[in-house]
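Read through the structure below, which is laid out as structure tokens, and then see the notes.
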Amino acid sequence: MRWNKKDDPRRRLLIKALAAGLFSSAVGIRELSAQVLGSRPARLPPGKSIYRIEGQVLVNGQPATLDTQVAADATIQTGANSEVVYAVGETAFIQRSESHVTLETSEANSMIVSGTQLLTGKILSVFPTGRAVRMTTKNASIGIRGTGVYMESDPEQTYFCTCYGTADIEAASDPTSRETVVARHHDRPLYILSGQQPGQNIRLAPFIDHTDQELMLIETLVGRTVPFVFPSNNYLRPRRPY
């Protein structure tokens, strides 16, 4: 996998400090994240959608800035070596480079995201407890409830990690390939495929390309905390390989 070279040293510093046991509380992690990733994470103020933007980002076809507001029916696209961190109502995202996402809402002029379509690329998302959301890719249809999730989509397969919460996962081409995952902490990442034998289009996957720190960041943007705690003395499982 290719990482944004500009972003790598900062993320690497964060992982190394955590692995060395330099911080033993959520407050300490937030302070370090502020030094490494930019301004100290806090709930976004009313009228503010974008926390951080790098490279080329389009919202509804127009170049985005930190002042761009993202609606619950927006289309967001990132270019090469680009990334955007944003929130809509009580839902927040980190959208990685070369990703095309369409948000969906069931009510006009609403700030409630009821669905996402990931046409291509990678996105980390957190949603409020108790709200049903439908996430789709070319290969998968996934119903989630009160979850943090990470998803990657390409023409051949979808990668999906239920970071925490509940997800009902189904292969788009094979309704007999379905699984419900109830996760506390990245318990069962999966690949959802197309073109395999009936009942064989969901397979176990490794843990890739997202971190607990990133989940903490976007939950903070919508005024929540992650439903797990870091170990008090060290952090033995960095979520991205360096």
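With the simple model of a label 7 Å out from the Cα in the direction of the Cβ, Gln62 to Glu104 spans 2.5 nm. Accessible surface for segment 52-126, divided over its residues, is 41 Å² per residue with a 1.4 Å probe. Residues Ser106, Ser82, ordered by accessible area of protein heavy atoms at a 1.4 angstrom probe radius and largest first, appear as Ser106, Ser82.
With all protein chains in place and ligands, DNA and RNA left out, the 1.4 Å accessible area ranks Arg40, Arg224, Arg184 as Arg184, Arg40, Arg224, largest first. Once the Cβ-Cβ distance of Asp168 and Gln69 is raised to the sixth power relative to R0 = 41 Å, the FRET efficiency obtained is 0.85.
Computed over protein heavy atoms with a 1.4 angstrom probe, the accessible surface ordering of Tyr150, Tyr191, largest first, is Tyr191, Tyr150.
Can you tell me how much longer the chain between Thr176 and Arg145 gets when fully stretched, taken as 0.36 nm per residue apart minus their C-alpha distance, in nm with one decimal? Mind showing how you got there, number by number?
Working: separation 31, 0.36 × 31 = 11.16 nm, distance 2.14 nm.
Length difference between fully extended and current span is 9.0 nm.
The values are calculated or read from the model by the stated rules, or taken from the named source; none is laboratory data. Keep in mind that what you see is a predicted model, and the values were worked out from it rather than measured. Positions of Cβ are backbone-derived with ideal geometry, glycine not excepted, and every protein chain shown enters the neighbour counts. The protein model used for the area step is the full one, side chains on, heavy atoms only, and it has no ligands, DNA or RNA in it. Shrake-Rupley method; radii C 1.70, N 1.55, O 1.52, S 1.80 Å.
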